[in-house]
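First the structure, in the form of structure tokens, and then the observations on it.
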Amino acid sequence: MRENVIKTKSFAFAVRIVNVYKFLISEKKEFVMSKQLLKSGTAVGALYREAEQAESKLDFIHKMGIAQKECNETIYWLELLHATEYLDEIQFNSINSDAIELMKLITSIIKSSKTN
């Protein structure tokens, strides 16, 4: 069976987001932005899982569009946490590159779904 890249990467990303959240609340004592990051970052994979069971192609595209928005919001929170020095350069670059890769994958899936 072929590996489902988006499923694997979105789940791994959610795990990383949970770990960043745990770091932010325990080490940095940051509770507001970290909660926003947790919500949007874990929503990406959850929305993909929901899209897998879409009732139609349009429903699939719609759900993936919401996942794309959540991914974009996650990038915003990561940028804000970095700009306010809750995440250092190395921490930010590592997880942000994963978020951007996920965003590109989702965008590609949406585009190809619309043309097929």
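The values are calculated or read from the model by the stated rules, or taken from the named source; none is laboratory data. Computed from a predicted structure; not experimentally measured. FYI the Cβ positions are ideal-geometry reconstructions off the backbone, even for glycines, and counts take in every protein chain you see. Surface accessibility is based on the protein's heavy atoms, side chains included, excluding ligands, DNA and RNA. Shrake-Rupley method; radii C 1.70, N 1.55, O 1.52, S 1.80 Å.
A few remarks follow.
- Among (1) touching a helix residue (DSSP H, G or I) at 6+ places or on another chain (Cβ under 6 Å); (2) open to solvent by 20 Å² or more (accessible area, probe 1.4 Å); (3) touching a residue at least 40 places away in the same chain (Cβ under 8 Å) - the single one Phe92 does not satisfy: (3)
- Restricted to segment 10-116, the set of helices (runs of 4 or more DSSP H) holding at least 3 residues that are in contact with a Gly (Cβ under 7 Å, 6 or more places away or on another chain) and hydroxyl-bearing (Ser, Thr, Tyr) is empty.
- Boolean, Leu38 is in contact with a helix residue (DSSP H, G or I) (Cβ under 6 Å, 6 or more places away or on another chain), open to solvent by 20 Å² or more (accessible area, probe 1.4 Å) and either at pLDDT below 95 or not aromatic (Phe, Trp, Tyr) (or both): yes
- Cβ separations smaller than 7 Å between residues 6+ apart or across chains give the following pairs from segment 24-38 residues that are β-branched (Val, Ile, Thr) to residues that are open to solvent by 60 Å² or more (accessible area, probe 1.4 Å): Ile25/Phe31.
- Glu101 vs. criteria in contact (Cβ under 8 Å) with a residue 60 or more places away in the chain and surrounded by fewer than 17 Cβ atoms within 10 Å (Cβ to Cβ): yes
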